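The values are calculated or read from the model by the stated rules, or taken from the named source; none is laboratory data. In this text the structure is predicted, and so the values were computed from the model without any measurement. Neighbour counts are summed over all protein chains in view; Cβ atoms, including those assigned to glycine, are modelled from backbone coordinates with ideal geometry. In case anyone asks, the SASA skips ligands and DNA or RNA and just uses the protein heavy atoms, side chains included. Shrake-Rupley method; radii C 1.70, N 1.55, O 1.52, S 1.80 Å.
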Amino acid sequence: MELYGLSLRLIDISDAKDIASLRSSPELTKYMITLEEDVEKQKEWIRAYKKRESLEIDYYFAYENENGLIGYNRISKINWQDMTGFAASWIKKPAVKGFAKEMFLARCDVAFHILGLKVLFTEVHEKNQRAIKYWVAYGAEAILQKNEFITFKLPSDIYEAYKYGQS
């Protein structure tokens, strides 16, 4: 699918090397869990993820443009009864400049317009000011702080009001 000049697709086994490389970088993961660079473990994780994808509770997207891979992020822990999901695992290739806003908007649009979720939650490290800026700019409310992490809640109607109010 195409959104905001980006091509989104669900990840597959062929993404294991890139994901393992990005997720093992201490600089890129300073606000999230840093994993060891183990492509075989990443392949195992992707196989397990594909089962969650088939149950429609976890979607992990690769973002690309004409120049190649930009990054990855997920919509996970989907609760269809409550129509909620969790935004997680946002990571971008360091050599790629820009596209953070487009990745943010694309994930929200997928969650709200394609999946039909009513609320998206996320957990952000309190020092990750760039991520906090995006969530707050689109109307997310901080609902909990536990240790160094802030949980944000973004209802779809609030997102839409902020998104179109900024145009």
Exercise for the section: Past 21 Å, Cα to Cα, is the threshold; run K17/K92; K101/K133; K77/K133; K17/K146; K133/K163; K51/K163 against it and keep the listed order. Expected result: K77/K133; K17/K146; K51/K163
Completion exercise
With a Förster distance of 22 angstrom and the Cβ-Cβ distance between R52 and S21, calculated FRET efficiency to the nearest 0.05 equals 0.45
Handout entry: Where the stretch 49-160 is the region considered: accessible area per residue in Å², 1.4 Å probe
Key = 50 Å²
Fill in the blank from the handout: Applying the gyration tensor rule to the Cα atoms of the chain (axes a ≥ b ≥ c; rounded if a/c under 1.5, else prolate if a/b exceeds b/c, else oblate), the class is rounded
Practice task
Heavy atoms only, probe 1.4 Å: what % of the accessible area of the stretch 96-156 goes to carbon and sulfur, would you let me know?
Solution key: 52 percent
Exercise for the section: Can you tell me what the convex hull of the Cα atoms of the stretch 71-142 projects to on average, as an area in nm²? Expected result: 4.9 nm²
Practice task
Using a 1.4 Å probe over the heavy atoms of the protein chains, calculate the carbon and sulfur portion of the accessible area of the stretch 42-86 as a whole percent.
Solution key: 48 percent
Practice task
Subtracting the Cα-Cα distance from 0.36 nm times the residue separation, let me have the gained length for D12 to Q129 in nm, one decimal.
Solution key: 39.1 nm
Practice task
Per DSSP H run of at least 4 residues, take -39500 (n - 2.57); add these up for the chain, divide by its residues and hand me the 222 nm value, nearest 500 deg cm²/dmol.
Solution key: -9500 deg cm²/dmol
